[in-house]
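Below is one structure, written out as structure tokens; the observations come after it.
The values are calculated or read from the model by the stated rules, or taken from the named source; none is laboratory data. Source: prediction; values computed, not measured. Accessible surface areas use protein heavy atoms only, side chains included; no ligands, DNA or RNA. Shrake-Rupley method; radii C 1.70, N 1.55, O 1.52, S 1.80 Å.
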Amino acid sequence: MGSEKDKTHLFKWTNKSIVEEIEDFQDLFNVLLVENSEFQKSMRACETILKRHESRIEEMEDAITSCEEKTIECIRELRVIKALFVCCLLMVFMYITYA
């Protein structure tokens with residue numbers, strides 16, 4: 001039962017089975033390598049898009065800051081115009097009253 005001439009020997013069958021399992025594992029491993037490579041490409045593309053969006057966000061933040069500064073400047077100018085308008089109204093009222 002354990003001789004080298006016996007083709008149905010248990011260990012010989014086990015060796016063939018292991019070789020088949022290793023070949024199946026190698027095929028599966030190759031598929032996983034390809035999928036991993038595709039995943040890494042996808043991740044690099046996502047990182048590129050993320051960096052682009054981050055730069056756009058920074059540009060928008062700069063634009064918002066600029067708009068806030070311009071708004072504050074406009075409010076100051078409106079206060080000056082309001083004061084001038086009130087002054088002109090008082091002058092017109094005084095002219096009408098005393099003329």
Inset, instruction - Mind computing the radius of gyration and Dmax over the alpha-carbon atoms of segment 48-99? Å is fine for both. - result: 22.4, 75
Inset, instruction - At 1.4 Å probe size, with every protein chain present, just tell me what the per residue accessible area of segment 11-99 comes to in Å². - result: 97 Å²
Legend entry - Overall dimensions of the chain as given by Cα atoms, namely Rg and Dmax in Å: 41.7, 137
Legend entry - Count, lysine Cα pairs under 19 Å in the chain, 8 or more residues apart or across chains: 4
